[in-house]
Structure formats: C-alpha cells, structure tokens
Amino acid sequence: MKSPLLEATALEKSYGRISVLKNVDLTIDRGEAHIVIGPNGAGKTTLFKVLSGELFPGSGAIRLEGQDITNVPDWQRVRMGIGRTFQSARVFSDLTPFENMIVAVEARARTRGGLLQLLSIRPNAENRDAARVILRDFLLETVADRPTRTLSHGDKKRLELAMAVAGKPRILMLDEPTAGMAPADRHKCIELIGRLLAKGDFSLLLTEHDMEVVFGLATRITVLNYGEVIASGAPQDIRSNARVREVYLGHELATA
Ligand SMILES: Nc1ncnc2c1ncn2[C@@H]1O[C@H](COP(=O)(O)OP(=O)(O)OP(=O)(O)O)[C@@H](O)[C@H]1O
Ligand SMILES: [Mg+2]
C-alpha cells in the first residue's frame, strides 16, 4: 500500500510544563482537504507549526511519503513541497503585491535550479508574467502596484495565499485563512481555495473556526480539544459525533 502523503504519529509538544499536543495522530492523503477544528487554545496552531517544521515535537514522528522529516527544518520542508501561510498574514509590507509575488516566484525558481541567487533587480519576463497571472487569479490585479501595507486585511491574506500557491506546494497548510475577514471577502476566499483544490494540484490542511468554510471545503475533519484528537473522520460523521457536539460544534452549529 502506498504510504500517505503526510503522516504524523504520536506527536507530543509542551511549552515548558504545559502539555499542548498529546499523542496526536494525523494523516493527509493525496487530494484531501483536511480541516483541523477545535476551541481556542486547543493546540491547532501548535500542531501546524510542528507539521510545517517551525517547531519540533517533543516526541512522535512526521513522515512525508514515508520519509522521516521529524527533524527537518521548515525551509527545507518548503522545498520538499510543504507550503504554508500563517494565522496573521506575513508579507513584505513595504513591497508591492507584484514585488512580493516576484519574491515567491523566484524562490520557486531557485528551488528548482538549486542555485542561491539574490532577488533580481530586474526579474525576467517569464517570472513577471507568472507573477501577473497569479495576481489576477487571486483578484489582486487592481492593487498590484501599491505598497502592500495599504491593502485591506482580506487582500493581504489573499496575497499571502497567492505567494504560498506560487511555490507549487504538494501540501498547502493554511492557519485560519479567513480569520478577521468581512463576509464578502470570506466568500471570495473560500471560492478561490475550492477552485484551486478542484484543480488537484495539492492537498490541503487548514484550521478554521468558520463552520461554513469547514463544511464547505473539508473532505476530512479532525477535532482537537486540549491538545488531544477527540474525533477524526468524514464531515457528516463529525457533525453527528456526540462528543464533538458537546465540546465544540454544539455551539458553533447552533450559530452557523
Ligand atoms: N509560545 C508559547 N508559549 C507558551 N504557551 C503557548 C505558546 N503558544 C501557545 N501556547 C499555549 O498553547 C495552547 C495552544 O495554543 P495554540 O495557539 O496552538 O491554540 P489554537 O488552537 O491555535 O488556538 P486559536 O483557536 O485561538 O488560534 C494555548 O493554551 C496557548 O496559550
Ligand atoms: Mg491558532
């Protein structure tokens, strides 16, 4: 049997004496949209950081197509095809979206060529075109040449997403991609992610509080509570799971 795209087993993580992840197992299969949900402080962002290599687990293992990557740092995981965004957008705010996109596109080219170059003063025509196409796909055309710091929160989050997609990841990890967005922006963003997923270029792992997003996109849901996985399965099974409704979804679904 083929090994899963990503497989995490028995992950443990503590901050000092506070245990934040407890014996967490999680797999991401090819083509899957796996969404991690749970109350504030459940450990979702911590799990994310451990899977993307920003933090290392205290114990447990992470495998990418069977290869142990538990101790591989985040920048190397990006090269191996694990792309990510952060809960609060991280973009170069003094550059324009176009320039940000050039950084992302050139980083991909560097990865391919294996050569370390500095950001070109004059990006080549191919990279400029690639940057413009992605900006258009992500509805950022009209703001492409303003300083990024002047963009709305929703535009910045979409820019960050666009930069992650430009890296052509095999797994895209998004920590609350619609956090703080107005409903119209949120709809735009979900639609965009749905469209990207349908193309089948990557698998998705995301965390989200908005149940419309969760049930609109997920092929599988894992529920964390106080650092433990209390359920993992198909959306309809999670929706009807008594324990999940008790600790989290009862309230969220009542208001969804
Ligand atoms: N750097 C840190 N040092 C100490 N404790 C931390 C640190 N980061 C997170 N924690 C604690 O770890 C627990 C899990 O936090 P985490 O950010 O992973 O939760 P989360 O599920 O992402 O929450 P949210 O839904 O609010 O984003 C929380 O109790 C938090 O206070
Ligand atoms: Mg979080």
- Counting residues that are small (Gly, Ala, Ser) and within 24 Å of Phe86 (Cβ to Cβ), which helices (runs of 4 or more DSSP H) fully inside segment 171-256 reach at least 2? 183-198
- Query: In segment 167-180, what count of residues is obtained for those that are buried (at least 21 other Cβ atoms within 10 Å of the Cβ) and either at pLDDT below 90 or over 22 Å from Ala131 (Cβ atoms) (or both)?
  - Reply: 6
- Condition met for Leu217 (buried (at least 16 other Cβ atoms within 10 Å of the Cβ), among the aliphatic types (A, V, I, L, M) and within 16 Å of ligand 2 (Cβ to nearest atom)): no
- If you check Leu47, Leu11, which single one turns out to be closer than 25 Å to Asp210 by Cβ and crowded, with 21+ Cβ neighbours inside 10 Å? Leu47
- Item | Selection count, segment 16-44, where residues are near ligand 1 (Cβ under 8 Å from one of its atoms) and surrounded by fewer than 18 Cβ atoms within 10 Å (Cβ to Cβ) | 5
- Task: Considering only segment 164-188, state which residues are more than 16 Å from ligand 1 (Cβ to nearest atom) and of a type in the set (A, V, I, L, M).
- Result: Ala164, Val165, Ala166, Ile171, Leu172, Ala182, Ala184
- Item | Residue under evaluation Thr27, criteria (1) more than 16 Å from the chain's Cα centre (by Cα); (2) of a type in the set (Val, Ile, Thr); (3) outside the structural domain of Gly154 (by TED's automatic domain parsing), criterion not met | (1)
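The values are calculated or read from the model by the stated rules, or taken from the named source; none is laboratory data. Everything quoted here is computed from the prediction, not taken from an experiment. Glycine gets a Cβ as well: all are built from the backbone with ideal geometry, and neighbour counts include every protein chain shown.
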